[in-house]
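A.B. asks: Mind having a look at this structure? Questions to follow.
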Amino acid sequence: MARALATCDLARVLEEVRLARGWSQGELARAVGYSQSWVSRVVNRQQSLTVDQVREIAGRLGIPIHLLRFADSAGPERGADPTRRREFGKVVAAAALAPGAQPPRAEADEGTAQTLRAITGGQRRLDAASPSRDLARGAVAHVELTGRTLARARRTPYAPGIAAAASEAAGFAAWLHADMDDAGSARGYYRTAVRNARFARDPLLGAYMLGSLAAFETDTEDAASGLALADEAARLLGSGVHPTAAAWLACMRAMAHATLGDGPAADAQIAAAEQAVERADNTDPPWPWVFPFTPAKVAGYRALAGVRLHRPGEARAAFAEAFGGARPSAKQGAALMVELAGAHADAGDVDEAFSLAAEALRIGVHFRSDRLISRVRRFRRSYRGPGARCVRELDEQLTATLTA
């Protein structure tokens, strides 16, 4: 640093100040009042500075201007006194680390993790009635914030709690991207969520993220991977867990078994979920679950399993039970409608099937949910029955979504 000051090597000065304060390059850019790209060019010696810029930056970093001098032809080895260099280094280090310098480094404390989790919790509650695309940008920004906070706090006692908050944030971003039919981004965020959950050493959170990834893989037609992930989540969860966690994970495993065509295994998991829900006794769900897992939700999964196992009568009865209790959110209800449409189509009730599919498509368009729209398209491709007016009307709706 002393040599950099003696030769007015501002690129080195900036980098040393950044390292001394533990800033990112973006934070350094804000401190000196320039863009990050401009600072990057200066640090990489691709951008020359005027005398006025040198004075301005020195003032903003709290470096006394008399410590900076321009190199002369003699070079630093002959033109700078080593004793002066050491003095310069001490002064600039003090300036870089002085309290109150801008911007201050954010330090973690006992409330950091809870604050980060509260932000994600609010976003998750908004998801029920908001398009995923409206929430995605904020969710991704929050993932980046939690990641940077974790990086700064990694060696502190608060790191596990912050890692848990970062895991939940990444898991929510994954869900939003899945709803946007962006499988690549969704998978990447789910993996980040699983990795952070492991760092947090929270088995319940780890099982939740593995189960969420399992459900995603099953829905993207890789049920074998989904089942393997769900089984790993069950091993991590162990026995004697909260009924909500047990019921939810049993349903994830049931869906993978049903998609693979294993009816007895799917039935056994649905039965396990029903038994777990009976033990719940209206207790609040444990974090990271936000909403309670009710008998109506288990009925919904039983109905989905019935559709995938081509049991239309059983599926329709289960759907009636699922919709007869607490109403699901609009997007969740639409996903169930598409599956129920499949059950009606299997039973030969074409008008009802396509009426349900059309309503699910309307909701999908309203919420700009590419996942719902893709499911309606998949339902239409799977239909091999006779043409009818309701079929033509759904085709027209689907065509209209391409130019909406």
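A.B. asks: Being without any contact (Cβ under 8 Å) to a residue 60 or more places away in the chain, within 22 Å of Ala193 (Cβ to Cβ), open to solvent by less than 20 Å² (accessible area, probe 1.4 Å) and not polar (S, T, N, Q) is the requirement here; does Ala299 meet it?
C.D. replies: On the way: without any contact (Cβ under 8 Å) to a residue 60 or more places away in the chain: yes; within 22 Å of Ala193 (Cβ to Cβ): no; open to solvent by less than 20 Å² (accessible area, probe 1.4 Å): yes; not polar (S, T, N, Q): yes.
Here the answer is no, as Ala299 does not meet what is asked.
A.B. asks: Which one is farthest from Ala246 (Cα to Cα) among residues in segment 262-276 that are surrounded by 22 or more Cβ atoms within 10 Å (Cβ to Cβ) and touching a Lys or Arg at 6+ places or on another chain (Cβ under 9 Å)? So that I can check it myself, show each step before the final result.
C.D. replies: If we filter segment 262-276 for residues that are surrounded by 22 or more Cβ atoms within 10 Å (Cβ to Cβ), which is where we start, we get 266, 269-270, 273, 276.
Going one step further and asking which of them are touching a Lys or Arg at 6+ places or on another chain (Cβ under 9 Å), we end up with 266, 269-270, 273.
Values: Ala266: 15, Gln269: 10, Ile270: 11, Ala273: 7 Å.
By that ranking, first place goes to Ala266.
A.B. asks: Is it the case that some residue within segment 332-352 is part of a loop (DSSP other than H, G, I, E, B), open to solvent by 20 Å² or more (accessible area, probe 1.4 Å), farther than 30 Å from Asp134 by Cα and out of contact with any helix residue (DSSP H, G or I) (no Cβ under 6 Å at 6 or more places or on another chain)? Break it down into steps so the answer makes sense when it comes.
C.D. replies: Pass one, segment 332-352, residues part of a loop (DSSP other than H, G, I, E, B): 347-349.
Still in the running and open to solvent by 20 Å² or more (accessible area, probe 1.4 Å): 347-349.
Restricting the remaining residues to those that are farther than 30 Å from Asp134 by Cα gives 347-349.
Narrowing further to those that are out of contact with any helix residue (DSSP H, G or I) (no Cβ under 6 Å at 6 or more places or on another chain): 348-349.
Yes, that holds for at least one residue.
A.B. asks: For segment 277-290, name all the residues that are surrounded by fewer than 18 Cβ atoms within 10 Å (Cβ to Cβ) and assigned to a loop (DSSP other than H, G, I, E, B).
C.D. replies: Within segment 277-290, the subset surrounded by fewer than 18 Cβ atoms within 10 Å (Cβ to Cβ) is 278-279, 281-287, 289-290.
Of everything in segment 277-290, those that are surrounded by fewer than 18 Cβ atoms within 10 Å (Cβ to Cβ) and assigned to a loop (DSSP other than H, G, I, E, B) turn out to be Asp281, Asn282, Thr283, Asp284, Pro285, Pro286, Trp287, Trp289, Val290.
A.B. asks: What's the number of the only condition in (1) touching a Ser or Thr at 6+ places or on another chain (Cβ under 9 Å); (2) under 27 Å from Arg124 (Cα atoms) that Glu321 fails to meet?
C.D. replies: For Glu321, the exception is condition (1).
A.B. asks: Still on this structure, please answer the following. Taking segment 19-55 on its own, how many of its residues are touching a residue at least 24 places away in the same chain (Cβ under 8 Å) and assigned to a helix (DSSP H, G or I)?
C.D. replies: Narrowing segment 19-55 to residues touching a residue at least 24 places away in the same chain (Cβ under 8 Å): 20-24, 27, 30-33, 39, 42-45, 49, 54.
Filter once more, keeping what is assigned to a helix (DSSP H, G or I): 20-21, 27, 30-32, 39, 42-43, 54.
Number satisfying all stated conditions: 10.
A.B. asks: (1) buried (at least 21 other Cβ atoms within 10 Å of the Cβ); (2) at pLDDT 80 or above; (3) of a type outside the set (Phe, Trp, Tyr): which one isn't true of Ser40, the others all being true?
C.D. replies: (1)
A.B. asks: For segment 382-404, enumerate the residues that are in a helix (DSSP H, G or I) and closer than 15 Å to His344 by Cα.
C.D. replies: Start the filter on segment 382-404 by keeping residues that are in a helix (DSSP H, G or I), which leaves 382, 389-401.
Those that are in a helix (DSSP H, G or I) and closer than 15 Å to His344 by Cα: Ser382, Cys390, Val391.
A.B. asks: Restricting to segment 233-253, name every residue that is open to solvent by 10 Å² or more (accessible area, probe 1.4 Å) and polar (S, T, N, Q).
C.D. replies: Ser239 - this is the single residue of segment 233-253 that is open to solvent by 10 Å² or more (accessible area, probe 1.4 Å) and polar (S, T, N, Q).
A.B. asks: Leu356: part of a helix (DSSP H, G or I) and either open to solvent by 30 Å² or more (accessible area, probe 1.4 Å) or over 30 Å from Leu237 (Cβ atoms) (or both), yes or no? Even if it seems obvious, please write down each step before you answer.
C.D. replies: Details: part of a helix (DSSP H, G or I): yes; either open to solvent by 30 Å² or more (accessible area, probe 1.4 Å) or over 30 Å from Leu237 (Cβ atoms) (or both): yes.
It is true that Leu356 is part of a helix (DSSP H, G or I) and either open to solvent by 30 Å² or more (accessible area, probe 1.4 Å) or over 30 Å from Leu237 (Cβ atoms) (or both).
A.B. asks: Going by the structure shown, is Ser369 buried (at least 22 other Cβ atoms within 10 Å of the Cβ), touching a residue at least 60 places away in the same chain (Cβ under 8 Å) and touching an Asp or Glu at 6+ places or on another chain (Cβ under 6 Å)?
C.D. replies: yes
A.B. asks: Still on this structure: Could you list, in sequence order, all residues of segment 217-232 that are open to solvent by 20 Å² or more (accessible area, probe 1.4 Å) and hydrophobic (A, V, I, L, M, F, W, C)?
C.D. replies: Matches in segment 217-232: Ala224, Leu227, Ala228, Leu229.
The values are calculated or read from the model by the stated rules, or taken from the named source; none is laboratory data. Model, not experiment: these values are computed from the prediction. No Cβ is skipped: glycine too gets one built from the backbone with ideal geometry, and neighbour counts run over all protein chains shown. To get the accessible areas, we keep the full protein, side chains included, count just its heavy atoms, and leave off ligands, DNA and RNA. Shrake-Rupley method; radii C 1.70, N 1.55, O 1.52, S 1.80 Å.
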